[in-house]
Amino acid sequence: MKKAILILLAGLLFCNVGFASTAEELINTKYKIIKNCGSKYYTNLMRNCLMMVGNSSSGIVEAASFKIPAINIGTRQDGKFKPKNVIDTKSSWNDIYKNILRAKNKNFLNKIKKIKNPYESTLPVKRLIANILNLKRNDKLLRKKFINF
């Protein structure tokens, strides 16, 4: 059974079955474009895909839970901690293609088989809720801090 490659770009999900070896073949591949597939379908796509490719935080935050490689294109996610299943790449076709091949490599796939997602919590839900409810409300906690350059 062929597995899908999920391509995530700023909120859009492109799904293709198979693997393109050239840019022309990539263009001629049948894609399914999904704007919002919901958590049930998204989880199933993640569970059954070969890898994720794109610039979405989902590749960084969620892909490790499914033990799949995530090709992170460009600098959109710079500053986020990235688990070992994430491969950063430039946005050129050659760089993306080279890193897709790297992500398909058996050595790389074996390396991430036992990866623990650093974004998953082992904190029990009841304790987490209690911690949130016990936080003192203050303006600093509720506002996002921006840095001006």
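The values are calculated or read from the model by the stated rules, or taken from the named source; none is laboratory data. This one's a predicted model, so the numbers in the text were calculated from it and none came from an experiment. Positions of Cβ are backbone-derived with ideal geometry, glycine not excepted, and every protein chain shown enters the neighbour counts.
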Which one is modelled with the highest pLDDT, of the residues in segment 63-74 that are part of a loop (DSSP other than H, G, I, E, B) and within 14 Å of Ile96 (Cβ to Cβ)?
-> Pro69
Criterion (within 21 Å of Ile60 (Cβ to Cβ) and either modelled with pLDDT of 90 or more or surrounded by 10 or more Cβ atoms within 10 Å (Cβ to Cβ) (or both)) met by exactly one of Ala103, Ala130 = Ala103
Given (1) touching a residue at least 24 places away in the same chain (Cβ under 8 Å); (2) over 13 Å from Ile68 (Cα atoms); (3) aliphatic (A, V, I, L, M), number of the condition Leu123 does not satisfy | (1)
For the subset of segment 81-96 comprising residues that are in contact with a strand residue (DSSP E or B) (Cβ under 9 Å, 6 or more places away or on another chain) and free of Cβ contacts under 8 Å to residues at least 24 places away in the same chain, which member is surrounded by the fewest Cβ atoms within 10 Å (Cβ to Cβ)?
-> Ser91
When both residues are 6+ apart or on different chains and their Cβ atoms are under 7 Å apart, which pairs have a first residue that lies in segment 37-48 and is within 13 Å of Ile68 (Cα to Cα), and a second that is in a helix (DSSP H, G or I) and among the aromatic types (Phe, Trp, Tyr)?
-> Met46/Phe66; Arg47/Phe66
